[in-house]
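Colleague: Please read through the structure below; I'll follow up with questions.
The values are calculated or read from the model by the stated rules, or taken from the named source; none is laboratory data. Remember, it's a predicted structure, so these values are computed and weren't measured experimentally. Counting neighbours? That spans all protein chains shown, and the Cβs are built from the backbone with ideal geometry, glycine included. Accessible surface areas use protein heavy atoms only, side chains included; no ligands, DNA or RNA. Shrake-Rupley method; radii C 1.70, N 1.55, O 1.52, S 1.80 Å.
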Amino acid sequence: GRLSEARRDYIRAALLAPNKHVWPYIGIGVIALKCHDLGEAEMAYQLACQLKHGCVEAHCGLARVYLLQKRYEAAASTYATALRLEPDNLVAIAGLFQLCRQTGRFLSVIEPLKGYLKKHPDDMLILSYLAFAYLRNNQPKVAVVLTERIQELEAAVAHLVPDMNNVRGL
């Protein structure tokens with residue numbers, strides 16, 4: 001809860017080892033986002049991306065900034081870069097899905113969602129994202145099939161959730 005102190009410490013770390021470590025810039029970006037300082041967040045994440053192009057966290061942070069700034073093409077491109085680096089990164093996938101919800105263009109999120117589900121076929125959240133994307137992309141039959149799969153998975157795990165009426169001592 002002491003964001004200004006944390007920000008100061010991250011800036012100090014960045015100054016002590018300039019262009020050596022990406023984590024101080026990521027920290028500055030996270031704090032700037034929490035403080036709604038999109039300019040500082042953008043600068044910090046851009047520096048992190050330049051310092052280590054393969055840093056998925058930096059690309060996701062920068063894409064989030066672009067999304068909040070309503071710079072949708074830049075956000076889409078930056079999320080795509082993050083997904084090229086790490087195809088099953090949930091932060092990038094969720095961010096891209098959020099972008100698609102804001103723009104109404106769901107075609108770009110279908111392939112990353114399907115790719116993630118190849119490795120994690122029972123992820124109900126991603127299945128629901130994909131069902132929604134297909135529904136919005138005028139493919140309701142596919143959306144129904146995915147929704148049925150979600151219902152099957154929910155039924156399969158329902159026995160794992162305790163019945164609160166039968167739990168004693170709470």
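Colleague: Could you state the number of Å between the C-alpha centres of the stretch 129-158 and the stretch 54-97?
Modeller: Between the Cα centres of the stretch 54-97 and the stretch 129-158 lies a distance of 25 Å.
Colleague: Using the charge dipole of the chain (Lys, Arg: +1 at Cβ; Asp, Glu: -1 at Cβ; taken about the Cα centre), state which of Ala32, Ile126, Gln151 has its Cα farthest towards the positive end.
Modeller: About the Cα centre, the residue reaching furthest to the positive side is Ala32.
Colleague: State the percentage of accessible surface on the stretch 24-77 attributable to carbon and sulfur atoms; use a 1.4 Å probe and exclude ligands, DNA and RNA.
Modeller: 56
Colleague: Note down the relative contact order for the chain as a percent, whole number, built from C-alpha pairs under 8 angstrom at least six residues apart.
Modeller: That works out to 11 percent.
Colleague: Express the accessible area of the chain per residue in Å², computed with a 1.4 Å probe while the remaining protein chains stay in the model.
Modeller: 62
Colleague: State the answer as a single residue: which of Thr78, Val56, Leu15 lies farthest towards the positive end of the charge dipole of the chain, with beta carbon charges of +1 for Lys and Arg and -1 for Asp and Glu, about the Cα centre.
Modeller: Final value for the positive-end residue is Leu15.
Colleague: Output the 0 to 90 degree angle, nearest 10, between the alpha-carbon long axis of helix 124-136 and the longest principal axis computed from the alpha carbons of the chain.
Modeller: Helix 124-136 sits roughly 80 degrees off the main axis of the chain.
Colleague: Keeping all protein chains in place and using 1.4 angstrom, which order do Asp122, Asp37 fall into by accessible surface area, from largest down?
Modeller: Ranking Asp122, Asp37 by accessible area, largest first, yields Asp122, Asp37.
Colleague: Taking Cα atoms, how many degrees apart are the long axis of helix 140-157 and the longest axis of the chain, rounded to 10 and kept between 0 and 90?
Modeller: Helix 140-157 sits roughly 90 degrees off the main axis of the chain.
Colleague: Can you give the local net charge around Phe97? Use residues other than it whose beta-carbon is closer than 15 angstrom to its beta-carbon, Lys and Arg +1, Asp and Glu -1.
Modeller: Surrounding charge for Phe97 is +2.
Colleague: Hey, another quick one. Starting from the Cα of Lys20, draw a straight line to each of the lysines and keep only those under 28 Å, dropping any in the same chain fewer than 8 residues away.
Modeller: Candidates past the 8-residue exclusion: Lys34, Lys52.
Colleague: Going by average Cβ density within 10 Å per residue, which order do the peptides 82-93, 8-19, 97-108 take, highest to lowest?
Modeller: 82-93, 97-108, 8-19
Colleague: Can you tell me the length gained on complete extension of the stretch Asp9 to Lys114, counting 0.36 nm per residue apart and subtracting the Cα distance?
Modeller: 33.7 nm
Colleague: In addition: How far is helix 56-68 tilted off the main Cα axis of the chain, in degrees rounded to 10, range 0 to 90?
Modeller: Its long axis makes an angle of about 80 degrees.
Colleague: Another one. With Cα extents along the principal axes in Å as the read-out, I listed (1) 42, 35, 34; (2) 52, 32, 27; (3) 54, 50, 26; which label goes with the value calculated from this structure?
Modeller: (3)
Colleague: What is the sum of charges around Ile11, taking Lys and Arg as +1, Asp and Glu as -1, for the other residues whose C-beta is under 12 Å from the C-beta of Ile11?
Modeller: Summing Lys/Arg as +1 and Asp/Glu as -1 gives 0.
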